[in-house]
1. Quick one: work out Rg over Rh on the C-alpha atoms of the range 369-504, Rh as Kirkwood radius.
2. Note down the magnitude of the dipole of the chain about its Cα centre, charges +1 on Lys and Arg C-beta and -1 on Asp and Glu C-beta and zero elsewhere, to the nearest 20 debye.
3. Mean projection of the alpha-carbon convex hull of the range 303-397 over all orientations, in nm²?
4. What Kirkwood Rh does the range 30-100 have if only Cα atoms enter the pairwise 1/r average? Answer in Å.
5. Regarding the range 114-185, what are the three Cα extents along the principal axes, ordered largest first, in Å?
6. Applying a 10 Å radius around every beta-carbon, put 18-25, 386-393 in order of their mean neighbour count, most first.
7. Which percent, to the nearest 5, of DSSP beta bridges fully inside the range 16-159 are antiparallel?
8. Got the relative contact order for the chain handy, in percent, Cα pairs under 8 Å and 6 or more residues apart?
Amino acid sequence: MDTKYIFITGGVASSLGKGIIAASIGKLLQDRGYRVTIQKFDPYINIDPGTLNPYEHGECYVTADGMETDLDLGHYERFTGIETTRDNSVTTGRIYQSVIERERRGDYLGKTIQVVPHITDEIKRRILLNATKQPLDFVITEIGGTIGDIESQPFIEAIRQLRWELGQQRALNIHLTYVPYLAAAGELKTKPTQTSVKQLQGLGIQPEILVLRTEHDLSEELRTKVAHFCNVDVTAVIQSQDLPSIYEVPVNMQRQGLDAIILRKMGMEPGETPEAGPWHDFLERRRHVKQEISIALVGKYDLQDAYKSITESLTHAGTYNGRKVKAIFVNSENITPENVAEQLKGMVGIVICPGFGQRGIEGKIIAAEFGRTHDVPTFGICLGMQMMVIEFARNVLHFPNANSSEMDGKTRYNVIDLMEEQKKITQLGGTMRLGAYDCELQEGSKAYHAFFPKAESQPSSFSHHIIKERHRHRYEFNNLYKSVYETHGMKCVGTNPKTGLVEIVEIPALRWYIGTQFHPEYSSTVLHPHPLFMSFIKACIDGTAEA
Ligand code: GLN
């Protein structure tokens, strides 16, 4: 199988949106009927981002097969709807780990282990791995970091070798750079791009395509200049301006012929441009949405990327419900019983965010109480759900100082407790309950209706009650308290059919008060918005004057 490989590197600065470009290319090739996967290679030494603070690289995304990964994998899935796996996220740490394990086993038979060839060989093996497990037409590999970083050098060397081994028609490099605008001079500057491409050439890689990130339109003259300086066709100098939505990027790339250029350069005939109707439909809806709703994101990370999948899920569901969702971050550390009404003023819904540790949890509990007592649609996710459970214990069940044993190991009322299988775990990396597990929904519950809105008219079958959702946690609803919660009005309406672990709680008497131990935000995509976010947004709209 002649799988083709597209490498995406970045220069000049980080945060240019390589992940969005990779996701857009994947989406455009997928629309042409090709089988595609997108993977990310990160040069840092951590085995995975699971132990990283979100302030470092933003949200930790979780694949269905339970790998903690870079948030770019979220973009890949949201754009293409294709599930990624543990093979789609690789770090320097993982590369070294496998080489060192092999060395310890004695597999290298007395050889000196070196960056070249041993580390680069392992990088190459991992780049090719996905296509050995499934038939793929294209593997898109995004290399994290910026050209010139010391730690990305082995990855660049591996790509150089692979390009040589695979040949021009099977391997192609797209380099993303930045064209700054100097306001004082009133000019766009291409020198950083030229320098960055020279650096790449110095490492033995001639990019075939350049994508230039810019805040202003690039003239034909500027693109020609870049093309000449960088040995690239003028038609292969693509501009990527700021757009109102990241989901406009594939359309913008296609308008400039990016997918057709890729195909031609790899010896393929592009043929007709596909219509991508549903995607355009989504964009059309987005462009025409006029009404805005504000939803509070109650969390402790005042950083845009920390709750990326949640804000994207809200956007998806908002768009399909004809609303632009303004997700307003409300720092839970600043919430007090006195100011909560003021802090949440004007919000038609509340999301209580996931997280770890003590910081900011009391504010989340206060927000949960506000949502419950004022009947504001409230969605608790993972730690957010746990905070709903604790709030209910303290204020409805009157269990003083009820808590999670994560926060208070000595609490008498450990309504959230460490899962049994977690008790013997000593290492923190990759040892949480991770990935997709079944959840059985209780018929008639609000959560059930969110997933199966027309279920009444369908013949009932067992599979209708089972959903699969992704997890990332160590603590869990304490089943010893289940009946007291249920008799007082908080129901456990989703449970794992094998273990009985509680996955969803809700208060049926309220308009929409649902907490999920799993993370629905990881599986919402542009074309398939998540049912719980859809029903949450509907409930939020129902509460507004314009509903
Ligand atoms: N800290 C909680 C736990 O480990 C919740 C984790 C989360 O929100 N992802 O169970």
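None of the figures in this text is laboratory data; all of them are computed from the coordinates on show. Every value quoted in this text rests on a predicted model; they were computed, and no experiment measured them. Here the Cβ is made from the backbone with ideal geometry for all residues, glycine too, and neighbour counts use every protein chain on show.
1. So for the range 369-504, dividing Rg by the Kirkwood Rh gives 0.98.
2. The dipole magnitude comes to about 480 debye.
3. 6.2 nm²
4. 12.7 Å
5. 53, 32, 20
6. 386-393, 18-25
7. Within the range 16-159, antiparallel bridges account for around 20 percent of the total.
8. 15 percent
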